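For reference, the structure discussed in these notes is given below.
Readers should treat all values here as calculations from the given coordinates under stated rules, not as data from a laboratory. Keep in mind the model is a prediction, meaning the values are calculated, not measured. Methodologically, a virtual Cβ is constructed for each residue, glycine included, from the backbone with ideal geometry; neighbour enumeration extends over all protein chains shown.
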Amino acid sequence: MTVRVRFAPSPTGTLHVGSARTALFNWLFARHHQGEFLLRIEDTDSVRSREEFLEEILDSLRWLGLNWDGEPTFQSKRLKVYREAAEGLLSRGLARLDGKAILFPVTPGQVVQFEDLVHGTNQVNTLEIKDQVLIKSDGTPAYNFACVVDDSEFKITHVIRGDDHLSNTPKQLLLYRALQRTPPHFVHIPLILGTDRSRLSKRHGATNLNEYRRIGYLPEAIVNFLALLGWSPGGDREILSVQDLVREFDLSRVGKTGAVFDLAKLSWMNSQYLKQAPLETWLPLIQQALQARGWWNDASDPAWVGKVIELYKGRVETLEDFCRQAQGLFTEEFPFDPEAVQLRLKEPQAGAHLEAFADRLERLPLWDSTSIEGACRALAEELKIKAADLIHPTRVAVTGRSVGPSLFHLLGIAGKERTLKRLRQAAERLC
Ligand code: GLU
């Protein structure tokens, strides 16, 4: 049996991280079994469905690398199919008209039982299920009905979706029975929770997947992180490439209980991926980020930007974080961290030291990290201070920050003219 799954977003909003996780689990399951991953657009709500949302959802899926098989199906183009299926039930006396709507009466007192591959046996008495709308009076199908018609017609073998749909499953099973079609396997994956274990909401961080792209998370990191929301490879491995995930993904290791979305963990993971990413990956992303901030112009030199990337890539969590940390290298308008200023520039001698260091650096015939370091150590010795007493205030004067990469390399890349200018500006303000 070929595994065939589907992801069925409604284009009434952008891609929620929870939906992205659902798409990913379906995709991993399909790829693991060399099956098919179909896309079905549940767009029968013509008021709330919008083309822009659809485009953004497809774009997010592409960005994550979740390629689908064949063309997407649009429910809005299949209204006739749903109507015919409902009319079939009407003609068999299993449905009735209610004005323009078609309803499916549910006989109370029956038990619907099914095996969920995550939750085990589920039993519901039909007393708890109201009569179901099949076709609404505006001619559009109700979700449960269209879902059953499509899942059976497209021979979906496993329905993998969020467990907020668990209560829909018995209703759908009644419809499979009435339509005399074979139901798929059901797999309800756990809800995503925030770190306080309440349902994930904006309070816990962005819920729109695209926002993570904008902030500068890499798709590989997001895929790795989302895969571990409710699934685990066993052991304590956390960094898994997409190939590892496809090889190891297995429904038997999907948990029943809520999966916690820990932004700090995602950021850590992203930093690991950023550290490993080659310059070819970094450069276009950084160029885009710099352009968006107006920090890139015709004179910008990719080779030089590459040096800045090498300097910072091991110490940032996101591309946004990179731009924040390295801001002083890209623009003259960068903020001074007030704490850093207080700590490093308010020392009585700071201004005089910076001035002396600037004079010393000005005389350097060669501008490289070794020469800069030599000048710094020699001056510190002459002034009978520690090299750190020059290094710390210099870092704040040049970058506005108290922490950062190796100062001598940083100054080497910042360039002589800029370094001297910033040291003297700071010294002037202090003296
Ligand atoms: N459009 C539904 C949703 O986004 C699909 C549910 C399903 O997978 O059956 O929740």
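Okay, here's what the table says:
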{"read-out": "GNM result for the chain, Cα springs below 10 Å: residue of Glu220, Glu320, Glu52 fluctuating most strongly", "value": "Glu52"}
{"read-out": "Between segment 352-431 and segment 130-151, the alpha-carbon center distance in angstrom", "value": "71"}
{"read-out": "Candidates Thr207, Thr331, Thr257, ranked by Gaussian network fluctuation over the chain, Cα under 10 Å, top entry", "value": "Thr331"}
{"read-out": "Residues with amide H under 5 Å from that of His158, placed H, sequence gap 5 or more", "value": "Arg4, His185"}
{"read-out": "Karplus-derived HN-Hα couplings along segment 94-100 (A = 6.51, B = -1.76, C = 1.60, θ = phi - 60°), whole Hz, x at Gly and Pro", "value": "9, 9, 9, 7, 9, x, 8"}
{"read-out": "Neighbour net charge for Val254 - beta-carbon separation under 13 angstrom, K R +1, D E -1", "value": "0"}
{"read-out": "Amide hydrogen neighbours beyond the local backbone of Ile189, cut-off 5 Å, H modeled", "value": "Arg161, Gly162, Asp163"}
{"read-out": "As computed over segment 93-161, the Cα convex hull volume per residue (Å³)", "value": "114"}
{"read-out": "Additional length obtainable on full extension of the chain from Leu263 to Gln288, 0.36 nm per residue less Cα span", "value": "6.6 nm"}
{"read-out": "Sparse-neighbour loop sites [chymotrypsin sites (Phe, Trp or Tyr not before Pro); segment 334-388; at most 16 other C-beta within 10 Å; DSSP]", "value": "Phe336, Trp367"}
{"read-out": "Degrees separating the helix 169-179 axis from the principal Cα axis of the chain, which is the longest one", "value": "40"}
{"read-out": "Centroid-to-centroid separation of segment 307-336 and segment 56-112 [C-alpha atoms, Å]", "value": "50"}
{"read-out": "Acute angle (nearest 10 degrees) that the helix 388-399 long axis makes with the longest principal axis of the chain, alpha-carbon atoms", "value": "60"}
{"read-out": "Charge context of Leu174, other residues only, Cβ under 13 angstrom, K/R +1, D/E -1", "value": "+2"}
{"read-out": "Burial order of peptide ranges 422-428, 92-98 (average beta-carbon count within 10 Å, highest first)", "value": "422-428, 92-98"}
{"read-out": "Cα gyration tensor, the chain - rounded (a/c under 1.5), prolate or oblate", "value": "prolate"}
{"read-out": "Helical mean residue ellipticity (222 nm; -39500 (n - 2.57) per DSSP H run of 4+; nearest 500) of the chain", "value": "-14000 deg cm²/dmol"}
{"read-out": "Cα-based helix-to-principal-axis angle, 51-64 vs the chain, degrees rounded to 10", "value": "70"}
{"read-out": "Relative contact order %, the chain, counting alpha carbon pairs below 8 Å whose residues are six or more apart", "value": "12"}
{"read-out": "DSSP-assigned coil residues among trypsin sites (Lys or Arg not before Pro) in segment 181-275, each with at most 11 further Cβ atoms within 10 Å", "value": "Arg197, Arg237"}
{"read-out": "Candidates Pro348, Pro302, Pro405, ranked by Gaussian network fluctuation over the chain, Cα under 10 Å, top entry", "value": "Pro348"}
{"read-out": "Rounded to whole Hz, the Karplus (6.51, -1.76, 1.60) HN-Hα couplings of segment 236-252, x for glycine and proline", "value": "10, 5, 10, 9, 10, 6, 5, 5, 4, 4, 4, 5, 9, 4, 7, 5, 5"}
{"read-out": "Under 15 Å from the Ala206 label point (7 Å along Cα→beta-carbon), backbone N, segment 290-324", "value": "290, 292-293, 317-324"}
